[in-house]
Amino acid sequence: EVKVVTGEEEDAGTNGRVHLEVEGFAGNGVDQARSVVELDGVESSDFQAGRTSVFDAQVLDVATPTRLRAVVQGPASDPSWRPDYIQLLNKNTQEVTCFPCDQ
């Protein structure tokens, strides 16, 4: 599960498509792994200022995330998108990894 909390500042949101590039360790705890997760904002209010959006998305191949990059794409993308943080929940282990977003 992926939770995205967008900042409350005016114009902090975006209507663009968002995908995450997640890096970390594979299930064996040794090998590096990478996964790309598309967050398909079904609701028009996803990624808008002050909004918390939750997606039932799977981060494949990465058991222990260590790095995350959020990318906004598309004609409606806005470079001023200001997420506060992005949180990953491993539903199998209930382990939560939170990535504060440097703004």
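The values are calculated or read from the model by the stated rules, or taken from the named source; none is laboratory data. For clarity, every value in this text was computed on a predicted model and none was experimentally measured. Counting neighbours? That spans all protein chains shown, and the Cβs are built from the backbone with ideal geometry, glycine included. For the accessible areas, the whole protein counts, side chains as well, though only heavy atoms, and no ligand, DNA or RNA atoms are used. Shrake-Rupley method; radii C 1.70, N 1.55, O 1.52, S 1.80 Å.
A few remarks follow.
- Check: segment 6-48 dipole with +1 on Lys, Arg Cβ and -1 on Asp, Glu Cβ, in debye: 320 debye
- Net charge over other residues, Cβ less than 13 angstrom from the Cβ of residue 50 (K, R count +1; D, E count -1): -4
- Computed over segment 1-94: relative contact order in percent, which uses C-alpha pairs under 8 Å that are six or more apart: 46 percent
- Surface exposure of segment 5-103, expressed per residue as accessible area with a 1.4 Å probe, stands at 62 Å².
- Each Lys and Arg adds +1 at its Cβ and each Asp and Glu adds -1 at its Cβ; summed about the Cα centre, the chain shows a dipole of about 240 debye.
- Residue with peak Gaussian network fluctuation, the chain [Cα springs, cutoff 10 Å], from 67, 51, 17: 67
- For the chain, dividing the convex hull volume of the Cα atoms by the residue count gives 88 Å³ per residue.
- You can think of it this way: the chain between residue 64 and residue 98 has 11.1 nm of extra reach, that is 0.36 nm per residue less the Cα-Cα gap.
- Fluctuation leader among 15, 28, 92 - the chain, Gaussian network, Cα springs under 10 angstrom: 92
- Surrounding net charge for residue 21, when Lys and Arg each add one and Asp and Glu each subtract one, Cβ distance under 9 Å: +2
- Exposure check, 1.4 Å probe, all protein chains in place: residue 40 carries approximately 110 Å² of accessible surface.
- Placed amide H near residue 84: partners under 5 Å, 5+ positions off or other chain: 5, 6, 7
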